[in-house]
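All remarks here apply to the structure that follows.
The values are calculated or read from the model by the stated rules, or taken from the named source; none is laboratory data. Please read all numbers here as calculations on a predicted model, not as lab measurements. Note that each Cβ is placed from the backbone with ideal geometry, even for glycine, and that neighbours are counted across all protein chains shown. To get the accessible areas, we keep the full protein, side chains included, count just its heavy atoms, and leave off ligands, DNA and RNA. Shrake-Rupley method; radii C 1.70, N 1.55, O 1.52, S 1.80 Å.
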Amino acid sequence: VDESVQPQVLTERSLEAVADYIKSGQVKRICVMTGAGISTAAGIPDFRSPGTGLYANLKRLNLPHAEAVFDISYFRNNPDPFYVLAQELYPGKFYPTISHAFIALLARKNLLDMLFTQNIDCLERRAGVPADRIVEAHGSFATQRCIDCKVEFPEDKMLEHIQASRVPRCEDRECRGLVKPDIVFFGEPLPRDFSAKSPRASMADLTLILGTSLTVFPFASLPELVTRGKPRVLFNMERVGSLGSRPDDVLALGQCDEGVRKLAKALGWDEELDTLWRNV
Ligand code: CNA
């Protein structure tokens, strides 16, 4: 980060300056981009954090390589490892974090233009972010279908299978294809919603990026679509992508919940945030 470069829109590269920018009324549209790091505090491991990430803990599944568990061609021949993980990650067991609640608060204040999430845990919806403000770029566990005939599979039966560690199969006797949640595997295209809504990133007055390593493309190129001169703020354990390279980039390195609380405090929204979080 070249600290000698003076910010152009913010008064300084700090969360307090971001709060002032929001309070000034110049911010009408906020875009939020998130990844697995906003859910680790909820107890859901991310992929890549050393030691605690899923990839570090997949040895017991005997995979040829860690990514195989989310690889569509591997899944076709060997769906079991995915279903071992699915049982651990299945929504319903987890509670949204402060970061999820903050995004819901932005929506409540009519400031959230769009949330682009890579997460499949449905915690944004659970925190109260309206569905029409969420782009689930990698799909979600909310629905599932047969990978061959594409017919949807009922949710109650899916839950039964997951709980019993059984691999669900298409109910059509002729088909009997494997059923997979509508999450995007490596080798599969992203939902149409992603390409349709990505241009919104270039219309944002402010972009908040939370808990992602920005290593999975095309999602990882979203922050590049932000118009130059419009502040981008990174809440992450580590610096990622090109964040920090533009004059109005702010880096809030550390736990994203802590950074978010700090921003909320500077905005005078801290009590509201806590109340919202406690009541989700
Ligand atoms: P990743 O590659 O595992 O990166 C996570 C990033 O978040 C890393 O940079 C971490 O340093 C950072 N991080 C972890 N915990 C925190 C924290 N508490 N505060 C701040 N930063 C933190 O995950 P990405 O999302 O970037 O990768 C994309 C994959 C991961 C997507 O395809 C997801 O579907 C997939 N994934 C999703 C979930 C989920 O839905 N919760 C869980 C695991 C993986």
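Can you give me the Cα centroid spacing of the stretch 120-175 and the stretch 182-209 in angstrom? Cα centroid of the stretch 120-175 versus Cα centroid of the stretch 182-209: 19 Å apart. Only one residue of 259, 159, 207 has its Cα farthest out toward the positive end of the dipole of the stretch 146-280, where Lys and Arg carry +1 and Asp and Glu -1 on Cβ, and that residue is 207. Accessible area per residue for the stretch 213-272, computed on protein heavy atoms with a 1.4 Å probe, is 45 Å².
Ignoring ligands, DNA and RNA, how do 185, 94 rank by accessible area with a 1.4 Å probe, largest first?
Details: 185 5, 94 30 Å².
Solvent-accessible surface, decreasing: 94, 185.
Quick check: at a probe of 1.4 Å, how many percent of the accessible area of the stretch 1-156 sits on carbon and sulfur atoms? Within the stretch 1-156, the accessible surface is 49 percent carbon and sulfur. Its relative contact order, with pairs defined as Cα atoms under 8 Å and 6+ residues apart, puts the chain at 25 percent. Taken one residue at a time, the phi angles of the stretch 54-68 give Karplus couplings (6.51, -1.76, 1.60, θ = phi - 60°) of 4, 4, 6, 10, 9, 3, 4, 8, 6, 7, x, 7, 4, 5, 4 Hz. Gly and Pro are set to x. With Cα atoms defining each centre, the stretch 17-60 and the stretch 222-280 are spaced 9 Å apart in the structure.
With +1 assigned to the C-beta of every Lys and Arg and -1 to the C-beta of every Asp and Glu, and no other charges, what is the dipole magnitude of the stretch 1-149 about the Cα centre in debye, to the nearest 20? Spell out each step's value before the answer.
Working: 15 positive and 16 negative charges, 87 e Å.
It works out to roughly 420 debye.
Give, in whole angstrom and from largest to smallest, the semi-axes √(5λ) of the equivalent ellipsoid of the chain, with λ running over the eigenvalues of the Cα gyration tensor. Kindly include the intermediate steps, with their values, before the conclusion.
On the way: eigenvalues 253, 71, 61 Å².
Its equivalent ellipsoid spans semi-axes of 36, 19, 17 Å.
One decimal place: the segment residue 186-residue 12 gains 58.7 nm when fully extended, by the rule 0.36 nm per residue minus the C-alpha distance.
Only DSSP H runs of four or more residues enter the estimate; each adds -39500 (n - 2.57), and after division by the residues of the chain the mean residue ellipticity at 222 nm equals -8000 deg cm²/dmol. Put a plus charge on the Cβ of each Lys and Arg, a minus charge on the Cβ of each Asp and Glu, and nothing anywhere else: the dipole of the chain about its Cα centre is then about 220 debye. Solvent-accessible surface of the stretch 35-117, taken per residue with a 1.4 Å probe and all protein chains present: 42 Å².
Classified by the C-alpha gyration tensor, the stretch 132-280 has a prolate form. Its axis ratio a/c, with a ≥ b ≥ c, is 1.5 or above, and a/b is larger than b/c.
If you count, for each residue, the other Cβ atoms within 10 Å and average over each peptide, how do 73-79, 122-128 line up from highest to lowest?
Details: 73-79: 15.6, 122-128: 21.0.
Final packing ranking: 122-128, 73-79.
The candidates 269, 277, arranged from most to least accessible area with a 1.4 Å probe in the full protein assembly, appear as 277, 269. Highest average first, the peptides 213-224, 188-199 ordered by how many other beta carbon atoms sit within 10 Å of their residues are 213-224, 188-199.
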